[in-house]
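Heads up, the thing below is written out as structure tokens.
Every number here is computed from the coordinates shown, using simple stated rules; none is lab data. Keep in mind that what you see is a predicted model, and the values were worked out from it rather than measured. Neighbour counts run over all protein chains shown; Cβ positions are idealised from the backbone, glycine included.
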Amino acid sequence: MTELNGTVAPSFEPVRDAVDRQLRSKAEVGLSLAVDLDGHRVVDLWGGHRDAERTRPWQSDTIVNVWSITKTVTSLAALLLVDAGELDVYAPVARYWPEFAAGGKEHVEVRHLMSHTSGVSGLDHPARLEDLYDIRSAAARMASQTPWWTPGSASGYHLLNYGHLIGELVHRLTGSSLRDFVDEYLSRPSGADFRIGLPKADAARAATVFTSAVDFDPTTLDRDSVAYKTFTGPQVDASAANTPAWRAADLGAANGHGNARSVADVLAPLARGQLLKPDTVDLIFDEQSNGPDLVNGLHVRWGIGFALPDQRTLPWIPDGRIAFWGGWGGSMAIVDFDRRLTISYAMNNMGADILGSPRAAAYVRAVYRAVDGDARIRSKENSR
């Protein structure tokens with residue numbers, strides 16, 4: 001029997017209902033959903049199963065590969081260095097990483113890396129997934145490359161190499177790997193059960209990622225396109241997420257392991273104004289690009305480190321001071337500064353959409369209806 005566990009605040013019961021419907025319809029195999037509203041965990045749900053046979057329940061401490069939600073944590077790591085005055089987003093990358101100036105990239109700035117506009121969205125051919133596992137060597141190859149488009153002119157989603165680029169900056173400035181930096185300065189201080197990669201000690205509680213809905217063949221793309229170069233530089237099969245090599249790697253773009261609760265633990269202090277100075281937060285909303293992405297084809301507004309609301313792409317995320325991104329298959333992380341709200345969703349049954357999913361949309365809509373309805377009630381009560 002499919003069971004949904006956890007707690008919701010009274011006004012968030014419709015959120016529980018939305019999740020329960022998806023579980024009972026078998027659209028979900030296993031999932032977790034967490035909502036932090038101004039320091040209150042108003043939704044903390046988990047349910048379903050970790051395995052295809054539906055014999056191993058998804059438990060409160062089950063973790064899963066969250067794909068590109070990892071990028072939000074990687075971005076936050078860089079922003080911590082900005083906040084400390086050690087990293088300038090408007091400075092050339094070569095100030096901190098001199099080798100990156102090769103190939104005509106001497107004017108590429110840190111903000112270009114963080115907004116997917118650097119022109120370096122993958123490895124030049126030949127490229128294998130295994131090449132990315134050697135993070136220092138892969139970063140050195142990226143530093144030597146010529147940009148695939150004019151840096152700053154458009155976004156081209158840094159699919160698998162975002163963590164290599166930001167991670168190299170973190171390494172140059174601190175001497176730590178991105179994985180260790182995130183653990184020391186984000187996960188442990190917040191008590192978050194989130195790691196880049198999967199420690200062997202945690203393997204027994206990791207959910208299997210199901211990829212049957214993922215059907216994308218990059219070899220059908222124009223071979224001269226940025227999209228083709230990125231999706232084959234290197235090409236990755238989603239089932240790689242279940243392999244020991246993937247789980248052991250330090251991939252700040254795509255192999256963060258956690259659950260909705262742990263993602264919320266990391267990001268909620270940001271929404272509440274407790275993690276970064278106001279001027280640093282403002283950088284997130286400094287729009288760097290606004291248009292069709294050269295890699296994923298979506299109309300995306302990129303700030304520095306996060307995507308910004310765009311009704312043409314995800315109409316279920318409202319306008320305002322909201323920063324977000326999602327993971328392959330449908331996972332989602334939303335940081336709403338206007339409402340001091342954080343929404344995180346992680347699951348193991350991947351959908352076919354490039355960004356978000358009908359399931360994510362249903363949950364996010366239910367959360368916003370509850371939050372905004374609760375705010376109207378409080379406003380009426382205060383006006384009496």
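Could you check what % of the DSSP bridge pairs in the chain are antiparallel, to the nearest 5?
95 percent
Let me know the charge dipole size of segment 157-204 about its Cα centre in debye, to the nearest 20, where only the beta-carbon of Lys, Arg (+1) and Asp, Glu (-1) is charged. Mind dumping the intermediate values first?
Numbers: 5 positive and 6 negative charges, 13 e Å.
Roughly 60 debye, rounded to the nearest 20.
Counting only GluC sites (Glu not before Pro) that are in a DSSP loop and have at most 14 other C-beta atoms within 10 Å, tell me the longest site-free stretch of the chain.
Segment 107-286 is the longest.
Filter the trypsin sites (Lys or Arg not before Pro) in segment 187-238 to those in DSSP coil with at most 15 other Cβ atoms within 10 Å of their Cβ, and list the result.
Arg223
Counting Lys +1, Arg +1, Asp -1, Glu -1, what net charge surrounds Pro189 among other residues with beta carbon under 15 Å of its beta carbon? Working shown, then result.
Working: positive: Arg188, Arg195, Arg272; negative: Asp83, Asp180, Asp183, Glu184, Asp193, Asp265.
Taking every Cβ under 15 Å from that of Pro189, the sum is -3.
Can you sort Asp222, Asp38, Asp51 by how many other beta carbons sit within 10 Å, fewest first?
Placing the least packed residue first, the sequence is Asp222, Asp38, Asp51.
Among Ile317, Pro269, Val371, flag the residue with its Cα farthest along the positive direction of the charge dipole of segment 232-384, charges on Cβ as +1 for Lys/Arg and -1 for Asp/Glu.
Result: Val371, furthest along the dipole toward the positive end.
Computed from these coordinates, which is Rg and Dmax of the Cα atoms in Å: (i) 22.4, 88; (ii) 32.8, 106; (iii) 19.8, 69?
For Rg and Dmax of the Cα atoms in Å, the calculated option is (iii).
With each run of n ≥ 4 DSSP H residues scored as -39500 (n - 2.57), what mean residue ellipticity at 222 nm is computed for the chain after dividing by its residue count and rounding to the nearest 500 deg cm²/dmol?
The per-residue figure over the chain is -9500 deg cm²/dmol.
For segment 4-383, what does the relative contact order come out to in percent, with C-alpha contacts under 8 Å and a separation of six or more?
Relative CO of segment 4-383 lands at 24 percent.
Give me the net charge of Asp265's neighbourhood, meaning all other residues with Cβ under 10 Å from the Cβ of Asp265; Lys, Arg count +1, Asp, Glu -1. The partial results should precede the final answer.
Details: positive: Arg41, Arg261; negative: Asp36, Asp193.
With Lys, Arg at +1 and Asp, Glu at -1, the net is 0.
Considering amide H positions built from the backbone, and no H for Pro or chain starts, which residues 5 or more places from Glu109, or on another chain, come under 5 Å of its amide H?
Long-range HN contacts for Glu109: Val93.
So what's the gap between the Cα centers of segment 38-108 and segment 109-160, to the nearest angstrom?
Their Cα centres are 17 Å away from one another.
To the nearest 20 Debye, how big is the dipole of segment 192-324 about its Cα centre, given +1 on the beta carbon of each Lys and Arg and -1 on that of each Asp and Glu?
Around 440 debye, computed over segment 192-324.
With the Cα gyration tensor of segment 193-352 in hand, convert its eigenvalues to equivalent ellipsoid semi-axes via √(5λ) and list them largest first in whole Å. It would help to have the intermediate numbers written out before the result.
Working: eigenvalues 140, 106, 38 Å².
Here the semi-axes work out to 26, 23, 14 Å.
Magnitude of the Cβ-charge dipole of the chain, K/R +1 and D/E -1, about the Cα centre, nearest 20 debye?
The calculated dipole for the chain is roughly 740 debye.
Net charge near Leu276, counting Lys/Arg +1 and Asp/Glu -1 over other residues with Cβ under 12 Å of its Cβ?
Working: positive: Arg272, Lys277; negative: Asp83, Asp279, Asp282.
With Lys, Arg at +1 and Asp, Glu at -1, the net is -1.
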